[in-house]
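Just so you know, all these numbers are worked out from the coordinates, no wet-lab data involved. Treat the numbers as computed from the prediction; the structure is a model and nothing was measured. For neighbour counting, all protein chains shown are included, and Cβ atoms are generated from backbone atoms with ideal geometry for every residue, glycine included.
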Amino acid sequence: MKLHHILLFAHLAGVIVWVGGMAFAHFCLRPAALPLPPAQRLGLWSGVFGRFFPIVWLAIAVIVASGFAMLLEVGFAQAPRSWHIMAAVGLVMAGIFASIWFGPWRALQQAVAAESWAQGAQALNLIRQRVTINLVLGVLTVLLATLGLAF
Ligand code: HEM
């Protein structure tokens, strides 16, 4: 087993946790939580994100560190174009996640604490939109990484 295999495993484990978690939230938890009254729904999402988001930070750190380590093995100039695009899109996804963490996630926590359900619903909607963008970018990046190696 080479270092490359360990890096690739860590990279893919991070991707699975992040992209898989977003898919679960979007396709399973969201429709199941929609009929709940606002106090319960927003409280549920606040509890879910409070556990998921710190895990996403860890996944991002692992994905970026292992990704650049694998790029450096080959060298930036020699790396295929698809790897450069993956790195760029990965950094954009990390930026979008940071914008959730410092923006609507803070607002959602404050709204739940203050029982301001209208503001909470607004913040949750912003989080949903940005998570959807990241989910689409994540799936496209996996497609690029697996199908676009000759690119
Ligand atoms: C800073 C960000 C990133 C960098 C620098 C990076 C770099 C790399 C590199 C160098 C490889 C090795 C490919 C190989 O040895 O075959 C790789 C594999 C892979 N990456 Fe990334 N990556 C990043 C982010 C992402 C993201 C955000 C995703 C998906 C959401 C992703 C999905 C994959 C997949 C699925 C593979 C496996 C491809 C294969 O071996 O067939 N990467 N990445």
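Taken over region 110-125, the criterion of being part of a helix (DSSP H, G or I), among the polar types (S, T, N, Q) and over 18 Å from Val136 (Cα atoms) is satisfied by Gln110, Gln119, Gln122. The lone criterion from (1) buried (at least 16 other Cβ atoms within 10 Å of the Cβ); (2) farther than 18 Å from Ala33 by Cβ; (3) without any contact (Cβ under 8 Å) to a residue 40 or more places away in the chain left unmet by Gly103 is number (1).
Answer yes or no as to whether Leu58 is crowded, with 16+ Cβ neighbours inside 10 Å and of a type outside the set (S, T, N, Q). No; evaluated as a whole, the condition is false for this residue. Where helices (runs of 4 or more DSSP H) fall entirely within region 1-109, those with at least 1 residues that are closer than 16 Å to Leu137 by Cα and more than 9 Å from the ligand (Cβ to nearest atom) are at 3-24, 38-74, 81-102.
Here Met93 clears all of (1) touching a Phe, Trp or Tyr at 6+ places or on another chain (Cβ under 9 Å); (2) surrounded by fewer than 15 Cβ atoms within 10 Å (Cβ to Cβ) except the condition numbered (2). Those residues that are of a type in the set (Phe, Trp, Tyr) and under 14 Å from Leu124 (Cβ atoms), I need them from region 34-83; list them, please. Selection gives Trp45, Phe49, Phe52, Phe53. Filtering region 113-136 to residues that are within 16 Å of the ligand (Cβ to nearest atom) and surrounded by fewer than 16 Cβ atoms within 10 Å (Cβ to Cβ) leaves Thr132, Ile133, Val136. Taken over region 137-148, the criterion of being near the ligand (Cβ under 6 Å from one of its atoms) and without any contact (Cβ under 8 Å) to a residue 12 or more places away in the chain is satisfied by Thr146 alone.
Candidates are the residues of region 30-49 that are small (Gly, Ala, Ser) and without any contact (Cβ under 8 Å) to a residue 12 or more places away in the chain; the one that is nearest to Gln109 (Cα to Cα) is Gly47.
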